[in-house]
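The values are calculated or read from the model by the stated rules, or taken from the named source; none is laboratory data. Because the structure is a prediction, the values reported are computed rather than measured. Positions of Cβ are backbone-derived with ideal geometry, glycine not excepted, and every protein chain shown enters the neighbour counts. All accessible areas refer to the heavy atoms of the entire protein, side chains included, with ligands and DNA or RNA removed. Shrake-Rupley method; radii C 1.70, N 1.55, O 1.52, S 1.80 Å.
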Amino acid sequence: MFSSTQEEHCAPSKDPVKYGELVVLGYNGSLPNGDRGRRKSRFALYRRTKANGVKPSTVHILNTPQASKAVNCKGQHSISYTLSRNQTVVVEYCHDKDTDMFQIGRSTESPIDFVVTDTVAGSQEGEETPITQSTISRFACRVVCERHPPYTARIFAAGFDSSKNIFLGEKAAKWKNPDGHMDGLTTNGVLVMHPKGGFTEESKPGVWREISVCGDVYTLRETRSAQTPGKLVDNESNVLQDGSLVDLCGATLLWRTAEGLFHTPTQKHLEALRQEINAARPQCPVGLNTLAFPSMQRSRALTSLEDKQPWVYLACGHVHGYHNWGHRSEQEPNTQRECPMCRVVGPYVPLWLGCEAAFYVDTGAPTHAFVPCGHVCSEKSVKYWSEIPLPHGTHAFHAACPFCATQLSLSQGCSKLIFQGPVD
């Protein structure tokens with residue numbers, strides 16, 4: 001099932017050590033205009049040649065802005081908590097030889113390892129939709145991985161900027177913990193959800209929590225940027241597990257461990273499934289023409305429809321070729337179409353294979369489609385994502401297709417596909 005190149009990428013026993021991958025929800029294997037440098041749809045975290053992790057060391061309580069500036073200019077990593085105009089607590093961080101740090105955010109400055117921009121639902125037609133005002137922080141979060149087995153990965157809100165500083169200003173939510181250490185939250189927060197039972201076909205959604213700058217776990221604030229923090233959740237941690245979701249208020253990332261990726265379908269396997277469907281020569285029950293799913297590469301691009309492209313009536317699941325009758329609405333011709341097979345009325349959309357293997361919870365055949373977008377993957381994968389509430393805006397949650405981020409229909413999140421075989 002695995003191609004040799006992918007085994008090299010995924011096998012936990014190979015060197016360099018792979019900690020895992022962060023995959024952005026809403027992209028079908030790559031960004032619309034292709035992956036470029038640090039801006040891509042998935043980011044692999046490998047053990048660095050030299051450790052770059054940091055850990056808290058000296059704490060300074062400063063009463064003048066000049067003193068605060070002097071500490072920040074020392075060239076060490078630090079986190080500044082501004083309590084008032086006259087008082088700032090600066091926590092210096094020193095080198096940690098046992099951890100590697102990876103930073104994620106909207107900024108293209110050098111401290112950011114993985115540049116993430118706002119995901120626009122359904123905007124995968126080869127054009128990147130410009131965002132007028134991003135809600136993702138420039139230095140959104142950091143993932144710290146232990147360099148020795150079991151290579152535990154932990155997530156923290158906020159990232160260090162080009163001056164190696166994190167600043168929590170007067171308006172940011174911050175506090176002193178009972179043990180005396182300072183902590184706080186970023187403006188729009190970093191939310192995390194660990195699925196119950198890992199990332200398998202048996203998994204169930206966990207509870208969304210907020211992660212603090214120091215990595216503690218809190219219940220959600222009333223709204224995304226409220227100044228009052230939620231309650232501390234003592235019995236939960238910031239350790240990422242296979243299938244953990246990280247929301248940066250504008251983009252959601254899926255964490256896959258190296259071990260978890262080893263069990264996902266490879267591109268070779270997904271291509272074999274595509275060819276298997278096409279080899280069965282499914283036909284349009286009306287036009288009797290043979291249908292075929294486009295190649296993985298064309299499915300990723302989503303730039304143009306193929307002549308043999310399968311289309312589906314989502315309300316019933318009957319798969320057809322494209323035809324131009326059965327409209328119930330002239331304004332939006334494909335939202336209300338009557339299926340010629342069973343007369344059920346509903347949306348009529350082209351089908352596209354889900355190409356991002358990291359979103360699959362199993363290696364099953366692509367038999368189900370998300371509603372209303374028409375992305376196709378295995379039944380268990382469709383059902384898993386249909387149950388996951390993803391953050392949307394400042395306080396809403398809804399399920400969405402992982403391949404294009406389109407919000408799923410509340411009445412019917414997925415549809416079982418009914419193919420007609422050749423009549424000859």
Practice prompt. Before anything else, pin down the relative contact order of the stretch 142-298: Cα pairs under 8 Å, at least 6 apart, normalised by residue count, whole percent.
Written response: 17
Worksheet item: Given 347, 122, 284, which one lies farthest toward the positive end of the charge dipole of the chain, if we put +1 on the Cβ of every Lys and Arg and -1 on the Cβ of every Asp and Glu?
Response: 122
Worksheet entry | Packing-based order for 390-396, 403-409, 40-46, 137-143, using average beta carbon neighbours within 10 Å, highest first | 137-143, 403-409, 40-46, 390-396
Practice prompt. State, to one decimal in nm, how far the label point of residue 97 lies from the label point of residue 345, with both points 7 Å from Cα in the Cβ direction.
Written response: 7.4
Response to the item:
Sequence order, the stretch 98-112: Karplus ³J(HN,Hα) from phi using 6.51 cos²θ - 1.76 cosθ + 1.60, θ = phi - 60°, Hz rounded, Gly and Pro as x, gives 9, 9, 10, 10, 10, 10, 10, x, 7, 5, 9, 5, 4, x, 8
Worksheet item: Which cross-chain or sequence-distant (5 or more) residues have an amide H under 5 Å from the amide H of residue 173, H modelled 1.01 Å from N in plane?
Response: 185
Worksheet, complete the sentence: Residue-normalised 222 nm signal for the chain, counting each DSSP H run of n ≥ 4 as -39,500 (n - 2.57), nearest 500 deg cm²/dmol, is -3000 deg cm²/dmol
Worksheet entry | Cα→Cβ-extended label distance, 7 Å offset, between residue 63 and residue 15, nm | 5.5
Worksheet item: Between residue 321 and residues 5 or more places away or on another chain, which pairs have amide H atoms under 5 Å apart, with H built 1.01 Å from N, and which residues are they?
Response: 284, 286, 287, 311
Practice prompt. Under 1.5 on a/c is rounded, so check that first for the stretch 94-242, then, if it is not, pick prolate when a/b is larger than b/c and oblate when it is not; a ≥ b ≥ c are the square roots of the alpha carbon gyration tensor eigenvalues.
Written response: rounded
Fill in: Percent carbon-and-sulfur accessible area, the stretch 153-260, ignoring ligands, DNA and RNA, probe 1.4 Å
49
Fill in: Inter-site label distance for residue 387 and residue 307 at 7 Å from Cα along Cβ, in nm
4.4
Worksheet item: Which of 197, 105, 189 moves the most in a Gaussian network model of the chain with Cα springs under 10 Å?
Response: 197
Discussion item. Students often get this wrong, so try it: which of (1) 22.2; (2) 28.3; (3) 40.9 is mean projected area of the Cα convex hull in nm² as calculated from the structure shown?
Written reply: (1)
Discussion item. What is the angle, in °, between the Cα long axis of helix 267-279 and the longest principal axis of the Cα atoms in the chain? Nearest 10 is fine, range 0 to 90.
Written reply: 10
Discussion item. So, R0 is 22 Å and r is the distance between the beta-carbons of residue 196 and residue 397; what FRET efficiency does that work out to, to 0.05?
Written reply: 0.85
Worksheet entry | Accessible surface, per residue, of the stretch 131-189 when the full set of protein chains is kept, probe 1.4 Å, Å² | 49
Worksheet entry | Relative contact order (%) - criterion: Cα under 8 Å, at least six apart; region: the stretch 81-122 | 22
Discussion item. Given a Förster distance of 25 Å, report the FRET efficiency between residue 85 and residue 181 from their Cβ-Cβ distance, rounded to the nearest 0.05.
Written reply: 0.65
Worksheet item: For the stretch 352-414, which whole-number percentage of the solvent-accessible area (1.4 Å probe, protein heavy atoms only) is attributable to carbon and sulfur atoms?
Response: 57
Fill in: Mean Cα-pair separation over length for the chain, i.e. relative contact order, pairs under 8 Å, 6 or more apart, %
15
